[in-house]
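Rule-based calculations on the coordinates, nothing more; no lab input. If you're wondering where the values come from, they're calculated on a predicted model, not measured in any experiment. Positions of Cβ are generated from backbone atoms using ideal geometry, with glycine treated the same way; all protein chains shown enter the neighbour counts.
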């Protein structure tokens, strides 16, 4: 949660500085952020390649564990497709791209901003932050009514870090490993799925 | 977009070979955090300076909320089915 606040702090600081015209114009006119995105993606790649935890977990668990991230991907896509019908002004592709952040708001909003549009990037940032917050708030309730997998799927990519403590508390220690695995798989998938949807 | 995926895949391959260099990986994770801070700051500046987006911020927020509800509700209902079908029985 603290990490999320810091990230939002940087975004808000930028917002205020930009809004009040407090930055030298060369910063706004020359957009280097594309290169910064490429750099970030390279670093994210390295951290994924170096992390063998997910493979080790697979050795100790049966393949059923893959059903959980699959549930999240399919469930999110279905839910968003229904919502798409009632949201004006966004195309099907745009709605799916935002939803495919699965709570990983930093990376998904950056990718969407750089490769698609700024305003959709804002929607992605807000929507995915909301996904994290609603999981933090509603995890115990989800377990009561919809079982122990529900908060994991709701948490999306955040089920490996920010929402892991509340999920462990609500679903029990047995589900901590599943939650961790689920978060890792989705974190890896986010950049691929978002870029893929936007390129369609 | 293909560029993004290609660059990331190159990173994954390099990361796999560097997986035992714990210090490098730690530095890498720090760099990621700061790259994200920087990019979201830049995103903030770009949006703050863009009057059209600033004016439509409430609308964008509502759209974001609707998408969140769709995504969360869709995944927890399917999660309920997955839980009942594949996980619950194993517990008892």
The distance between the Cα centres of the range A:83-134 and the range A:139-165, in whole Å, is 20 Å
What's the angle, to the nearest 10 degrees (0 to 90), between helix A:2-19's Cα axis and the longest principal axis of chain A? 20 degrees
Taking every pair of alpha-carbon atoms in the protein assembly as shown, what share in percent sits in each 5 Å bin, from 0 to the bin with the longest distance? 1, 6, 12, 17, 18, 17, 14, 9, 4, 2, 1, 0, 0
Report the convex hull volume per residue for the range A:33-199, counting only C-alpha atoms, in Å³. 109 Å³
Angle, helix A:67-84 long axis vs. longest principal axis of chain A, Cα atoms, 0 to 90°, nearest 10? 50 degrees
The answer for the per residue Cα convex hull volume of the range B:44-92, in Å³, is 88 Å³
What ranking do A:189-195, A:97-103 get when scored by the average of other Cβ atoms within 10 Å per residue, highest first? A:97-103, A:189-195
The protein assembly as shown: calculated mean residue ellipticity at 222 nm from DSSP helix runs of at least 4, using -39500 (n - 2.57): -26000 deg cm²/dmol
Per-residue average of Cβ from other chains inside 10 Å of B:11-24: 5
Given the C-alpha atoms of the range B:1-51, compute the convex hull and give its volume per residue in Å³. 59 Å³
